[in-house]
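Novice: Take a look at this one; I'll ask things after.
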Amino acid sequence: MKRREFITLLGGSAAWPLAAKAQQPGVPAIGFLHVASPDGNADRVRAFRQGLKDAGFVEGENVADEYRWGDNQSERLPSLAADLVRRRVALIVAAGNVAALTAKAATPTIPVVFLTSEDPVGMGLVATLARPGGNLTGINFLAAELATKRLELLRQLVPAATRVAVLIDPANPVAADSALRDVAAAASVMGLQVQTHNTGTSREVEAAFAGFVRERPDALMVASSPFFNDRRVQLALLAAVRNVPAIYPWRDFAEAGGLMSYGTSLRDALRQLGGYAGRVLKGAKPADLPVMQSSKFELVINLQAARAIGLEVPNAMQLLADEVIE
């Protein structure tokens with residue numbers, strides 16, 4: 001039995017297609033497209049399904065989901081999207097920048113509800129945020145735009161830091177370019193030297209951390225990427241082994257053993273996404289639904305990770321945190 005099938009048996013239907021139910025007469029099917037893997041997104045899928053439920057749609061009862069995962073191979077997404085189009089799903093939910101662009105290219109008619117970390121107007125997904133036009137709308141959350149705040153938090157935690165390593169995923173070029181631009185601008189103002197590492201595979205992640213022995217960065221910032229989220233345990237362990245204070249974009253990293261995270265609550269954003277999907281299923285046209293901005297941000301600090309590298313987190317920072325993991 002393949003590992004993916006085994007996970008399905010253990011975890012139920014949250015991460016995999018309900019093809020049989022999708023074929024039931026009168027039950028609309030949602031195509032869920034994501035570049036990463038179900039392993040690292042179970043909580044977010046649950047949040048999406050909760051948003052659907054709040055809108056009146058329960059998976060397996062009056063709606064069926066066709067999940068398609070790219071397993072961090074973005075080149076697979078066009079064929080996965082094409083399959084959803086052939087199945088004539090009622091709606092495509094595109095979670096992530098690459099998935100959103102792929103869904104737009106796949107169909108000009110099937111409604112698409114997206115979740116993006118970048119400006120959807122700049123990406124060419126919609127005409128305007130207030131009046132999207134076409135067949136797409138969705139939720140926009142801040143990611144790269146928070147680079148300045150993350151660097152400030154690193155400086156507050158490690159006041160003597162002068163060199164900061166930054167991990168970028170080249171397979172997510174829109175987010176990577178935005179992150180590089182914002183990090184460079186913020187670092188210049190703060191007098192920090194930035195060492196950028198393109199890390200799109202697990203082996204490249206290992207190589208980047210091995211290079212820290214020579215480069216000796218004072219701190220690490222990991223950019224937003226579905227790939228990094230899937231590798232969050234590896235990243236947290238390597239940061240601990242190399243004794244590098246690190247900040248990450250989402251709370252999943254801190255929960256997995258990372259030192260600190262600051263960013264949008266993706267669980268809240270996925271819940272919003274489910275709600276928007278429900279509105280479209282009820283007959284709303286994407287062209288008339290304004291793009292929503294996810295506005296819930298979280299600072300999570302893992303004191304266990306701090307102790308592991310001999311770092312004391314100031315009480316002032318702990319008081320600012322939305323959650324402190326003891």
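Novice: Output the Kirkwood hydrodynamic radius of the range 136-203, Cα pairs only, in Å rounded to one decimal.
Specialist: For the range 136-203, inverting the mean 1/r across all distinct Cα pairs yields 13.0 Å.
Novice: Please turn the phi angles of the range 26-31 into ³J(HN,Hα) values with the Karplus equation 6.51 cos²θ - 1.76 cosθ + 1.60 (θ = phi - 60°), one per residue in order, whole Hz, x for glycine and proline.
Specialist: x, 9, x, 10, 9, x
Novice: Which angle between 0 and 90 degrees, to the nearest 10, do you get for helix 97-106 versus the longest principal axis of the chain when only C-alpha atoms count?
Specialist: Here the helix axis deviates by roughly 30 degrees.
Novice: Evaluate the distance, in nm, between pseudo-label points positioned 7 Å from the Cα of residue 129 and of residue 297 along their respective Cα→Cβ axes.
Specialist: 1.4
Novice: Would you mind checking which residues have amide H under 5 Å from residue 71's amide H? H placed 1.01 Å from N; only 5 or more apart, or other chain.
Specialist: The answer is 36, 37.
Novice: Pull out the extension gain between residue 322 and residue 54, defined as 0.36 nm times the separation in residues minus the alpha carbon to alpha carbon distance; nm, one decimal.
Specialist: Between residue 322 and residue 54, full extension yields 94.0 nm more.
Novice: How high is the relative contact order of the range 92-242, in percent, with contacts defined as C-alpha pairs under 8 Å that are six or more residues apart?
Specialist: Details: 215 pairs, mean separation 32.1, N = 151.
About 21 percent, as a whole number.
Novice: Modelled label-to-label distance, residue 243 and residue 61, 7 Å Cα→beta-carbon offset: nm?
Specialist: 5.6
Novice: Using only the alpha-carbon atoms, how far is helix 42-54 inclined from the longest principal axis of the chain? Give it as 0 to 90 degrees, nearest 10.
Specialist: 40
Novice: Another question about this same structure. Could you order the peptides 46-58, 306-318 from most to least packed, using the average number of other C-beta atoms within 10 Å per residue?
Specialist: 46-58, 306-318
Novice: Shifting gears a bit: So what's the convex hull volume per residue for the Cα atoms of the range 276-326, in Å³?
Specialist: Spelled out: Cα convex hull of the range 276-326, divided by residues, is 118 Å³.
Novice: What FRET efficiency, computed as 1/(1 + (r/R0)^6) with R0 = 30 Å and r the Cβ-Cβ distance, is obtained for residue 233 and residue 188, rounded to the nearest 0.05?
Specialist: Using R0 = 30 Å, I get an efficiency of 0.35.
Novice: Moving on. In whole Å, what is the distance between the alpha-carbon centres of the range 72-97 and the range 99-168?
Specialist: Using only Cα atoms, the two centres lie 19 Å from each other.
Novice: Report the dimensions of the chain along its three principal axes from the alpha-carbon atoms, largest first, rounded to Å.
Specialist: 63, 46, 36
Novice: Below 13 angstrom from the Cβ of residue 225, what's the summed charge of the other residues (Lys, Arg +1; Asp, Glu -1)?
Specialist: Summing Lys and Arg as +1 and Asp and Glu as -1 gives -4.
Novice: Which three lengths, in whole Å and largest first, does the range 178-291 cover when its Cα atoms are put on their principal axes?
Specialist: Principal-axis extents of the Cα atoms in the range 178-291, largest first: 58, 31, 22 Å.
Novice: Percent antiparallel among DSSP beta bridges with both residues in the chain, to the nearest 5? Numbers along the way, then the final one.
Specialist: Numbers: 5 of 45 bridges.
DSSP beta bridges in the chain are roughly 10 percent antiparallel.
Novice: Now, a different point. Under 10 Å, Cα contacts only: if you run a Gaussian network model on the chain, which one of 133, 191, 274 comes out with the highest mean-square fluctuation?
Specialist: Of the options given, 191 has the highest mean-square fluctuation.
Novice: Could you give the distance between the Cα centres of the range 193-217 and the range 266-326, to the whole Å?
Specialist: Comparing the Cα centres of the range 193-217 and the range 266-326, I get a distance of 27 Å.
Novice: Still on this structure, I have one more. Pop a pseudo-label 7 angstrom from the Cα along the beta-carbon direction at both residue 43 and residue 284 and give the gap in nm to one decimal.
Specialist: The answer from the label model is 2.7 nm.
Novice: Once you compute Rg and the Kirkwood Rh from C-alpha atoms, what is the Rg to Rh ratio for the range 62-177?
Specialist: Using Cα coordinates only, the ratio equals 1.08.
Novice: If I model the range 43-85 as equal point scatterers sitting on the Cα atoms and use the Debye formula, what is log10 I(q)/I(0) at q = 0.19, 0.34 Å⁻¹?
Specialist: Log10 I(q)/I(0), no solvent term: -0.71, -1.07.
Novice: Between the helical axis of 202-215 and the dominant principal axis of the chain, each derived from Cα atoms, what acute angle in degrees is found, rounded to the nearest 10?
Specialist: Helix 202-215 sits roughly 20 degrees off the main axis of the chain.
No value in this document is a laboratory result; all are computed from the given coordinates. Bear in mind the structure is a predicted one, so any value in this text is a computation, not a measurement. Positions of Cβ are generated from backbone atoms using ideal geometry, with glycine treated the same way; all protein chains shown enter the neighbour counts.
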